[in-house]
Amino acid sequence: MPTSDLIVIGGGIVGLATAYKFQLRFPGSSVILLEKEPDLASHQTGRNSGVLHSGIYYKPGSLKAKNCREGKQAMEAFCRNEGVPYDICGKVIVALSDEELPRLQGIYERGQANGVRCEVIERGRLLELEPHVAGIRALHVPETGIVNYSMVCERLAARIKEAGGEIKLGTCARRFRSDGPRTIVETLSGDFAARQVVNCAGLYSDHVAALTGEKPPAKIIPFRGEYFELKLEAEHLVRNLIYPVPDPAFPFLGVHFTRMIAGGVECGPNAVLAFAREGYFKTTINPSELAESLTYPGFLRLAAKYWRMGAGEMWRSVSKGAFVRALSRLVPEIDASQLTPAPAGVRAQALLPDGSLVDDFLIETHGNVVNVLNAPSPAATSALTIGDSVVERLAAGRG
Ligand SMILES: Cc1cc2nc3c(=O)[nH]c(=O)nc-3n(C[C@H](O)[C@H](O)[C@H](O)COP(=O)(O)OP(=O)(O)OC[C@H]3O[C@@H](n4cnc5c(N)ncnc54)[C@H](O)[C@@H]3O)c2cc1C
């Protein structure tokens with residue numbers, strides 16, 4: 001069995017960026033990427049909102065803050081060089097009441113600490129930017145952008161292949177075993193051997209880590225985000241990106257409006273427990289995966305603490321009226337007849353046994369395996385610098 005230098009598990013944006021960066025760092029090295037689906041970017045990467053995040057929300061000094069700032073620049077440069085269209089269209093974060101103003105100010109201060117260009121604007125300026133929005137004051141973040149991450153993945157895959165790398169689609173890593181200094185990855189299409197392995201399996205990153213012999217500190221709990229899209233006749237209500245002031249404990253909650261690079265405006269998402277890790281529909285149930293979530297102490301603690309918030313998210317999942325009411329707080333002219341259902345996404349959220357969310361990116365090394373154990377938003381924006389961090393670890397492991 002030929003031995004390659006590196007096997008990457010997972011053909012989402014993090015796995016592809018890692019393989020690409022490894023080849024740049026070690027020209028002539030042999031890399032194989034295994035993806036279980038027939039296509040790349042089939043899960044989180046291909047179902048996300050396509051935002052190039054500015055890095056405004058994240059705790060200064062965190063991996064998210066650092067990787068998002070540097071990663072966004074790297075992603076823009078990659079898109080320019082590769083001819084992938086993107087648009088730095090800006091976004092507004094809108095305070096709807098006096099009560100939200102201190103939190104808006106807090107985000108502004110975080111933005112300043114993170115080096116993000118942003119400005120507090122009053123209602124007059126807000127209406128120039130977004131004529132149909134509610135709100136008494138807002139934060140304008142001109143450097144936020146939009147892109148299609150599936151197109152980024154196509155270009156990454158092309159570069160990996162040009163540099164001699166192999167991408168094996170429809171190839172699921174099922175078991176791992178050691179053979180001296182090599183790791184053997186077993187799949188139904190045969191075994192693959194490598195000196196080093198990186199696990200970028202997204203929604204299954206904890207399972208894959210366990211297969212390699214690591215005991216991951218957190219479990220992935222899948223949260224489905226459901227969306228609507230504005231019908232053509234209502235698209236004029238949103239020019240770019242309109243976000244609410246987030247709850248600091250759950251920055252990913254709060255429905256918002258996102259113009260997409262290929263046209264159209266996405267509205268949402270909510271966040272509800274998915275009954276399967278790849279459960280894109282309310283009716284998709286995987287009994288063993290559901291039981292895994294429901295019996296995990298971390299999930300039970302989270303649910304007990306935040307049941308009221310969870311109930312609100314579930315209510316918005318079953319009631320279009322409730323979803324529309326949440327959207328119309330930001331854009332009052334929106335009504336249900338202007339919205340059509342759009343594809344859902346599932347977030348891989350790493351949760352600790354004590355019920356706390358793993359907030360930052362989490363990457364761990366176990367022998368000659370590097371496990372990317374938590375790569376939620378803004379990991380698409382940050383993928384190229386996450387790739388650099390993983391390659392740093394691999395380089396250290398090569399001695
Ligand atoms: C609804 C939603 C909206 C988001 N919006 C944004 C945004 O606007 N901007 C942003 O920066 N981020 C956003 N994110 C986050 C971003 O999409 C993810 O952080 C990023 O895509 C993670 O990439 P990944 O490669 O780690 O995971 P994935 O894209 O999920 O890829 C993992 C891959 O591993 C494969 N795999 C799993 N197990 C195996 C196995 N055993 N063998 C082989 N292959 C395997 C899977 O099939 C999958 O293709 C959003 C996420 C969601 C869900």
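Could you identify the single residue in 69, 125, 25 that is charged (D, E, K, R), farther than 14 Å from residue 381 by Cβ and outside the structural domain of residue 391 (by TED's automatic domain parsing)?
None of the other options fit; the residue is 125.
Output the number of residues of the stretch 52-65 satisfying the condition of being more than 22 Å from residue 261 (Cβ to Cβ) and either under 16 Å from the mean Cα position of the chain (by Cα) or buried (at least 19 other Cβ atoms within 10 Å of the Cβ) (or both).
4
Here is a yes/no grid of residues against (1) surrounded by 19 or more Cβ atoms within 10 Å (Cβ to Cβ); (2) assigned to a helix (DSSP H, G or I); (3) without any contact (Cβ under 8 Å) to a residue 12 or more places away in the chain; (4) of a type in the set (S, T, N, Q):
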| residue | (1), (2), (3), (4) |
| --- | --- |
| 252 | no, no, no, no |
| 257 | yes, no, no, no |
| 266 | yes, no, no, no |
| 279 | yes, no, no, no |
| 312 | no, yes, yes, no |
| 322 | no, yes, yes, no |
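Tell me yes or no: at least one residue of the stretch 33-40 is closer than 16 Å to residue 383 by Cα, modelled with pLDDT of 95 or more and either surrounded by fewer than 24 Cβ atoms within 10 Å (Cβ to Cβ) or more than 11 Å from the ligand (Cβ to nearest atom) (or both).
yes
Please go through the stretch 283-297 and give me each residue that is in contact (Cβ under 8 Å) with a residue 40 or more places away in the chain and assigned to a loop (DSSP other than H, G, I, E, B), ordered by number.
Of everything in the stretch 283-297, just one residue is in contact (Cβ under 8 Å) with a residue 40 or more places away in the chain and assigned to a loop (DSSP other than H, G, I, E, B), namely 296.
Can you tell me which residues in the stretch 341-399 are touching a strand residue (DSSP E or B) at 6+ places or on another chain (Cβ under 9 Å), outside any strand (DSSP E or B), surrounded by fewer than 24 Cβ atoms within 10 Å (Cβ to Cβ) and of a type in the set (Ser, Thr, Tyr)?
If the condition is that a residue be touching a strand residue (DSSP E or B) at 6+ places or on another chain (Cβ under 9 Å), outside any strand (DSSP E or B), surrounded by fewer than 24 Cβ atoms within 10 Å (Cβ to Cβ) and of a type in the set (Ser, Thr, Tyr), then 377, 389 are the ones that fit.
Would you confirm, using the coordinates I've provided, whether residue 304 is modelled with pLDDT under 95 and more than 21 Å from residue 269 (Cα to Cα)?
yes
Wholly within the stretch 117-235, which helices (runs of 4 or more DSSP H) include no fewer than the required count, namely at least 3 residues that are within 26 Å of the chain's Cα centre (by Cα) and touching a residue at least 24 places away in the same chain (Cβ under 8 Å)?
Helices (runs of 4 or more DSSP H) meeting the threshold: 149-162, 205-211.
Determine whether residue 54 is within 11 Å of the ligand (Cβ to nearest atom) and of a type in the set (Ser, Thr, Tyr).
yes
Just to verify a result, which residue in the stretch 164-192, among those that are among the small types (Gly, Ala, Ser) and surrounded by 17 or more Cβ atoms within 10 Å (Cβ to Cβ), is nearest to residue 2 (Cα to Cα)?
165
Determine if the stretch 100-115 includes at least one residue that is in contact with a Gly (Cβ under 6 Å, 6 or more places away or on another chain), surrounded by 12 or more Cβ atoms within 10 Å (Cβ to Cβ) and touching a residue at least 40 places away in the same chain (Cβ under 8 Å).
Yes, the stretch 100-115 contains at least one residue that is in contact with a Gly (Cβ under 6 Å, 6 or more places away or on another chain), surrounded by 12 or more Cβ atoms within 10 Å (Cβ to Cβ) and touching a residue at least 40 places away in the same chain (Cβ under 8 Å).
The values are calculated or read from the model by the stated rules, or taken from the named source; none is laboratory data. All figures in this text were calculated on a predicted structure; none of them were measured in a lab. Virtual Cβ from ideal backbone geometry, glycine too; neighbours counted across all protein chains shown.
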